[in-house]
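Note sheet for the following structure.
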Amino acid sequence: MGTTARRNASAMKMVGALLALYRQAAGHTQRSLGERFVIGEQQIASIEQGRRPLKPDLAEQLDELLETKGALSTALSRMPEVDLVPLWAEEFLDREREAIAISVYDNLAVPGQLQTEGYARAVFRSRVPVYEEDEIALRVAARMGRQEILHRKVPPTTSFVIWEAALRDRLGGREVYAEQIQKLREHAEMPGITLQVLPLGRTSHAGLDGAFVLMETPEYQRLAYMETQRGSHLIADPEGVGILTQKYAMLRTQALNTEETRSLLDRLLGEA
């Protein structure tokens with residue numbers, strides 16, 4: 001483990017110990033606190049033991065509930081930066097790894113779970129300000145590792161709806177584009193994966209507010225995730241999740257069915 005990683009692990013344990021101290025002082029058990037924030041006793045335990053990072057939005061809510069005058073948020077702000085994954089995205093990746101069902105709508109790029117190495121590299125090279133090449137290589141490797149969930153012995157039931165506009169861009173050039181469309185075509189045949197393209201030219205569009213992800217945990221909790229350029233939202237509120245679930249259902253009716261999607265991908269391959 002490198003020096004930065006060791007510092008980060010130590011800081012996580014310190015923040016976890018602070019949370020345990022304030023929780024006990026407020027008269028909460030790990031279970032009662034976990035239930036209060038719809039995240040569960042096990043996650044509170046993991047944070048307190050330093051095995052899972054405390055996220056900024058949860059730190060703020062805990063500070064308010066436990067009346068710590070911002071102590072947890074302040075401690076969190078002093079932690080070393082996580083190298084590859086911003087804190088606001090880690091909770092989503094944790095939940096994605098354990099999900100039993102995942103639904104993804106994307107309108108700007110091919111979803112990360114389906115990207116080729118070349119396409120992922122082109123995505124990271126498009127960032128402003130630019131990443132250094134070494135950092136791009138690390139981020140591409142991390143993204144490829146994330147795709148292992150689709151190839152587990154028992155993978156999550158997964159559905160993708162991709163706006164056709166995202167498939168018309170040729171990030172990385174002609175060869176990268178052809179390789180990416182080929183990968184999508186292969187995944188369109190995989191059991192347990194449903195892939196649909198929302199075509200251009202529709203007169204109605206349920207996804208104009210942007211990309212989002214729906215997930216179901218092994219405990220059958222339904223969650224939603226939305227990302228912006230500077231942060232993200234992991235939504236556990238049933239009403240908020242319900243609204244996005246309705247949007248996704250509508251997107252699936254507006255999109256091409258799976259057979260039509262395979263035909264479109266075949267045409268795109270022929271044009272590549």
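Does residue 135 satisfy the criteria of being charged (D, E, K, R), in contact with a Leu (Cβ under 9 Å, 6 or more places away or on another chain) and at pLDDT below 95?
It is true that residue 135 is charged (D, E, K, R), in contact with a Leu (Cβ under 9 Å, 6 or more places away or on another chain) and at pLDDT below 95.
Determine if region 251-262 includes at least one residue that is in contact with a Phe, Trp or Tyr (Cβ under 8 Å, 6 or more places away or on another chain) and either at pLDDT 95 or above or not hydroxyl-bearing (Ser, Thr, Tyr) (or both).
yes
Show me the strands (runs of 3 or more DSSP E) entirely contained within region 106-223 in which 3 or more residues are within 16 Å of the chain's Cα centre (by Cα).
Of the strands (runs of 3 or more DSSP E) lying wholly inside region 106-223, those with at least 3 residues that are within 16 Å of the chain's Cα centre (by Cα) span 157-163, 212-216.
Given (1) out of contact with any helix residue (DSSP H, G or I) (no Cβ under 8 Å at 6 or more places or on another chain); (2) surrounded by fewer than 14 Cβ atoms within 10 Å (Cβ to Cβ); (3) part of a helix (DSSP H, G or I); (4) at pLDDT below 90, identify the lone condition not met by residue 38.
If we test residue 38 against (1) out of contact with any helix residue (DSSP H, G or I) (no Cβ under 8 Å at 6 or more places or on another chain); (2) surrounded by fewer than 14 Cβ atoms within 10 Å (Cβ to Cβ); (3) part of a helix (DSSP H, G or I); (4) at pLDDT below 90, just (3) comes out false.
Here is a list of conditions, (1) outside any helix (DSSP H, G or I); (2) within 24 Å of the chain's Cα centre (by Cα); (3) more than 30 Å from residue 162 (Cβ to Cβ); (4) modelled with pLDDT of 75 or more, and residue 51 meets all of them except one; can you say which number that is?
Of everything listed in (1) outside any helix (DSSP H, G or I); (2) within 24 Å of the chain's Cα centre (by Cα); (3) more than 30 Å from residue 162 (Cβ to Cβ); (4) modelled with pLDDT of 75 or more, residue 51 misses just condition (4).
So which residues in region 224-272 are of a type in the set (S, T, N, Q), outside any helix (DSSP H, G or I) and surrounded by 14 or more Cβ atoms within 10 Å (Cβ to Cβ), if there are any at all?
Listed by number, the list holds a single entry, 232.
Select from region 147-190 the residues that are polar (S, T, N, Q) and modelled with pLDDT of 95 or more and write down the one among them that is surrounded by the most Cβ atoms within 10 Å (Cβ to Cβ).
Step by step, filter region 147-190, then rank; the result is 180.
If you go through region 67-83, how many residues are more than 19 Å from residue 233 (Cα to Cα), at pLDDT 85 or above and either surrounded by fewer than 20 Cβ atoms within 10 Å (Cβ to Cβ) or of a type in the set (Gly, Ala, Ser) (or both)?
Selection size over region 67-83: 5.
Residue 217: at pLDDT 95 or above, touching a Lys or Arg at 6+ places or on another chain (Cβ under 9 Å), surrounded by 14 or more Cβ atoms within 10 Å (Cβ to Cβ) and closer than 30 Å to residue 97 by Cβ, yes or no?
In short, no.
The values are calculated or read from the model by the stated rules, or taken from the named source; none is laboratory data. All values reported here derive from a predicted model rather than from experimental measurement. Neighbour counts are summed over all protein chains in view; Cβ atoms, including those assigned to glycine, are modelled from backbone coordinates with ideal geometry.
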